[in-house]
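Peer 1: Okay, here's the structure, questions in a sec.
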Amino acid sequence: MTDWLPPEAAIALSLSLRVSLVAVLVSLPLGVLVAYALARWRFPGHGLLNGLVHLPLILPPVVTGYLLLLTFGRQGWVGAALWDWFGFTFAFRWTGAALAAGVMAFPLLVRAIRLAIEAVDPKLEEAAATLGASRVVVFATVTLPLILPGVIAGAVLAFAKAMGEFGATITFVANIPGETQTLPTAIYSFLQVPGGDGAALQLVLISVAVAMLALAVSEWLSRRVARRIAGR
């Protein structure tokens, strides 16, 4: 399937797909919970949580990567505990690349799901609750089916963002071929060596195709959510 790519580029593409998929799947449950909390609940620290969620969009990616290194590196307060207790580390591993990609993509995931939740008429949830359904049952049987297009749209955007993540990844887990070298870092590496322009261009075209496809799918799903709002 990737015979037309140089081996290093094919490995980077495969790793990017794995990293992005893991990043989205792991962050999706938390993204739904945070989006629901921001859309439906009012509590002390609501604004702070909203700010923290969107912070990766505002901070330079290198800063986010450095903060991840301080927190989850072998000497970090979380990373040291993980290493001492479980012999596990994120730093300089593909799992660290997935963590960095997930953190950078999380705001897009949450925002899309939050907008979908806000489009759901609360009276539908209240009606189900009056029939004796618990909050979990109401969410699973009423809210979730209605917000599914928004959840998928958020996941698609987050996947595309994860595929394109560079700054936080290279700061946190470096650029190790076969271990942490994803699509963007591979493009960077190819551009640093003579004769690497061709492979870099191939990866750039793949990145553009993935981004355009993600935007198209997200736009289509967003229109479905908009039609639902208009049909209230």
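Peer 1: Would you please list the contacts, defined by Cβ atoms under 7 Å and residues six or more apart or on different chains, that run from a residue in the range 50-78 that is under 18 Å from Ile170 (Cβ atoms) to a residue that is among the hydroxyl-bearing types (Ser, Thr, Tyr)?
Peer 2: Here the result reads Pro56/Thr64; Val62/Thr171; Gly65/Thr169; Gly65/Thr171; Tyr66/Thr171; Leu69/Thr171; Arg74/Thr89, each pair linking the range 50-78 to a residue that is among the hydroxyl-bearing types (Ser, Thr, Tyr).
Peer 1: Could you check, for the range 87-109, whether at least one of its residues is out of contact with any strand residue (DSSP E or B) (no Cβ under 9 Å at 6 or more places or on another chain), open to solvent by 40 Å² or more (accessible area, probe 1.4 Å), in a helix (DSSP H, G or I) and over 17 Å from Thr169 (Cβ atoms)?
Peer 2: So far as the range 87-109 goes, no, none of its residues is out of contact with any strand residue (DSSP E or B) (no Cβ under 9 Å at 6 or more places or on another chain), open to solvent by 40 Å² or more (accessible area, probe 1.4 Å), in a helix (DSSP H, G or I) and over 17 Å from Thr169 (Cβ atoms).
Peer 1: Also: Which is under 14 Å from the mean Cα position of the chain (by Cα), hydrophobic (A, V, I, L, M, F, W, C) and open to solvent by 90 Å² or more (accessible area, probe 1.4 Å), of Leu17, Leu48, Leu30? Outline the logic, then answer.
Peer 2: On the way: Leu17 fails: open to solvent by 90 Å² or more (accessible area, probe 1.4 Å); Leu48 fails: under 14 Å from the mean Cα position of the chain (by Cα).
Going through Leu17, Leu48, Leu30 in turn, just one is under 14 Å from the mean Cα position of the chain (by Cα), hydrophobic (A, V, I, L, M, F, W, C) and open to solvent by 90 Å² or more (accessible area, probe 1.4 Å): Leu30.
Peer 1: I need the full set of residues from the range 150-159 which are surrounded by fewer than 22 Cβ atoms within 10 Å (Cβ to Cβ) and at pLDDT 90 or above, in order please. Show your work before the answer.
Peer 2: Here is the first cut: in the range 150-159, the ones surrounded by fewer than 22 Cβ atoms within 10 Å (Cβ to Cβ) are 151-152.
The answer is Val151, and nothing else.
Peer 1: Here's another thing I want to ask about it. Considering the range 68-79 alone, what residues qualify as being surrounded by fewer than 19 Cβ atoms within 10 Å (Cβ to Cβ) and in contact with a Ser or Thr (Cβ under 9 Å, 6 or more places away or on another chain)?
Peer 2: Matches in the range 68-79: Arg74, Trp77, Val78.
Peer 1: List, please: which pairs have Cβ atoms under 7 Å, are six or more places apart or on different chains, and start with a residue in the range 139-163 that is more than 21 Å from Val103 (Cβ to Cβ) and end with one that is assigned to a helix (DSSP H, G or I) and among the acidic types (Asp, Glu)?
Peer 2: Val142/Glu125; Thr143/Glu125
Peer 1: Now for a different question. Residues to consider are Gly231, Gly195; find the one that is surrounded by fewer than 18 Cβ atoms within 10 Å (Cβ to Cβ), over 18 Å from the mean Cα position of the chain (by Cα) and at pLDDT 80 or above.
Peer 2: The match here is Gly195.
Peer 1: Looking at Ala116, Ala174, Ala129, can you tell me which residue is open to solvent by less than 60 Å² (accessible area, probe 1.4 Å) and free of Cβ contacts under 8 Å to residues at least 24 places away in the same chain?
Peer 2: Ala129
Peer 1: If you check Phe166 against the conditions, is it over 17 Å from Leu38 (Cα atoms), open to solvent by 50 Å² or more (accessible area, probe 1.4 Å), in contact with a Phe, Trp or Tyr (Cβ under 9 Å, 6 or more places away or on another chain) and at pLDDT 90 or above?
Peer 2: Criteria met by Phe166.
Peer 1: Using the structure shown, decide if Val138 is hydrophobic (A, V, I, L, M, F, W, C), open to solvent by less than 30 Å² (accessible area, probe 1.4 Å) and over 15 Å from Ser16 (Cβ atoms).
Peer 2: Against the criterion (hydrophobic (A, V, I, L, M, F, W, C), open to solvent by less than 30 Å² (accessible area, probe 1.4 Å) and over 15 Å from Ser16 (Cβ atoms)), Val138 qualifies.
The values are calculated or read from the model by the stated rules, or taken from the named source; none is laboratory data. Since we're looking at a predicted model, the values are computed, not measured. Don't worry about glycine lacking a Cβ; one is built from the backbone with ideal geometry, like all the others, and counts go over all protein chains shown. The area values use the complete protein model at the heavy-atom level, side chains included, leaving out ligands, DNA and RNA. Shrake-Rupley method; radii C 1.70, N 1.55, O 1.52, S 1.80 Å.
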